[in-house]
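As structure tokens, the structure follows; a few thoughts come after it.
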Amino acid sequence: EKVMDGGEITEEEAKKLIRTKDEDTMLLLAMADKIRQKFNGNAVDFCAIINARSGHCQENCKFCAQSSFHQTDSPRYGFVDPEPMLEAAEEAHRNGVTGFGLVAAWKGLSEGPMLDEVCQRFEELKRQGKVRPDASLGLIRSQRVADRLKEAGEECYNHNLETSRRFFPEQCTTHTYDERLQTIRHLKNAGIKICSGGILGLGESREDRVDLAFSLREAGADFVPINVLNPIPGTPYEGNEPLSVLEILKTIACFRLILPRQEILLAGGRA
């Protein structure tokens, strides 16, 4: 009732909710659904990505198949040419997709030839006019880079916080949580919408998931993708036990109570 009336739940309340017993989960889901209907309606948006550069990433995120620290079967190739990108955008458009993201496995973007090439791709997507140009291109360390992306036509940027601040150093040691938050601030200052969420099933606690949701609320995320870990052979998490369906649904419901107005996306594309 507090959320439906425009209020916010506290962290203490959320941490009680995420410990809801399995037999009471349907009530929690029903409450979350009422909040969704009030603030988000019944429309479902689709977004798609093209892997614009694959492999060789110098970050050591434990969940990622494209990290150079792990031995996986992930393909490796350089930055995508215009033609296959535009073909993929056309196909996405035909399938009812509105947002189309360029995703690259690297540390991030700095000023220089690579930024110029990325901006050219956004300009090409904008001229094509079929989809909303989005991206997930790692850390942004200067306001000028974020401003360049906006000028080139980029509208939404995905940069996940992945998990709670407490648990993040268990996932990655080659950059920090604060660097991710600074990236989001640069992009927001440029007028770019923020898509930021995390991954369930890394070994985090339920309280970590709640802390992530509150961090996303504080950071001002517009879209919140919730990924469920796909344990990839060759990564440190290849043997992680999958979460139960009820545990996943319970977490999504709590995210909805914490983030009533955001678009919450089920991401990852895997059953």
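The values are calculated or read from the model by the stated rules, or taken from the named source; none is laboratory data. Since this is a predicted model, take the numbers as computed values, not measurements. Glycine gets a Cβ as well: all are built from the backbone with ideal geometry, and neighbour counts include every protein chain shown. With ligands, DNA and RNA removed, areas are computed over all heavy atoms of the protein, side chains included. Shrake-Rupley method; radii C 1.70, N 1.55, O 1.52, S 1.80 Å.
In this structure, is residue 191 out of contact with any strand residue (DSSP E or B) (no Cβ under 7 Å at 6 or more places or on another chain) and over 22 Å from residue 91 (Cα atoms)? Yes.
Is there a residue in the stretch 209-226 that is touching a His at 6+ places or on another chain (Cβ under 8 Å), without any contact (Cβ under 8 Å) to a residue 60 or more places away in the chain and part of a strand (DSSP E or B)?
Checking the stretch 209-226: not a single residue is touching a His at 6+ places or on another chain (Cβ under 8 Å), without any contact (Cβ under 8 Å) to a residue 60 or more places away in the chain and part of a strand (DSSP E or B).
Considering each residue of the stretch 227-241 in turn, none proves to be touching an Asp or Glu at 6+ places or on another chain (Cβ under 7 Å), over 26 Å from residue 59 (Cα atoms) and part of a loop (DSSP other than H, G, I, E, B). The single condition among (1) in contact with a Lys or Arg (Cβ under 9 Å, 6 or more places away or on another chain); (2) open to solvent by less than 20 Å² (accessible area, probe 1.4 Å) that residue 79 does not satisfy is (2). Of all residues in the stretch 31-58, those that are outside any strand (DSSP E or B), at pLDDT 85 or above and open to solvent by less than 40 Å² (accessible area, probe 1.4 Å) total 3. Residue check: is residue 4 open to solvent by 60 Å² or more (accessible area, probe 1.4 Å) and more than 23 Å from residue 195 (Cβ to Cβ)? The answer is no for residue 4. When residue 110 is tested against the conditions (1) free of Cβ contacts under 8 Å to residues at least 40 places away in the same chain; (2) open to solvent by 20 Å² or more (accessible area, probe 1.4 Å); (3) more than 17 Å from residue 180 (Cβ to Cβ), the lone failure is (3).
When the stretch 186-238 is limited to residues that are surrounded by 22 or more Cβ atoms within 10 Å (Cβ to Cβ) and β-branched (Val, Ile, Thr), the one that is nearest to residue 260 (Cα to Cα) turns out to be 224. Filter the stretch 134-157 down to the residues that are open to solvent by 20 Å² or more (accessible area, probe 1.4 Å) and either modelled with pLDDT of 95 or more or out of contact with any Leu (no Cβ under 9 Å at 6 or more places or on another chain) (or both) and list them by number. Listed by number, the residues that qualify are 142, 143, 144, 147, 148, 150, 151, 155. Filtering the stretch 91-106 to residues that are crowded, with 16+ Cβ neighbours inside 10 Å and outside any strand (DSSP E or B) leaves 92, 93, 97, 105, 106. Inspect the stretch 201-213 for any residue being of a type in the set (Val, Ile, Thr) and under 20 Å from residue 47 (Cα atoms) and give the result as yes or no. Looking for residues that are of a type in the set (Val, Ile, Thr) and under 20 Å from residue 47 (Cα atoms), one finds none in the stretch 201-213, hence no. Quick one: count up the residues across the stretch 122-133 that are in a helix (DSSP H, G or I), closer than 17 Å to residue 50 by Cα and open to solvent by 10 Å² or more (accessible area, probe 1.4 Å). Within the stretch 122-133, residues that are in a helix (DSSP H, G or I), closer than 17 Å to residue 50 by Cα and open to solvent by 10 Å² or more (accessible area, probe 1.4 Å) number 4.
Of all the numbered requirements in (1) farther than 16 Å from residue 164 by Cα; (2) open to solvent by 30 Å² or more (accessible area, probe 1.4 Å); (3) modelled with pLDDT of 95 or more; (4) touching a Leu at 6+ places or on another chain (Cβ under 7 Å), residue 183 misses one, and that requirement is (2).
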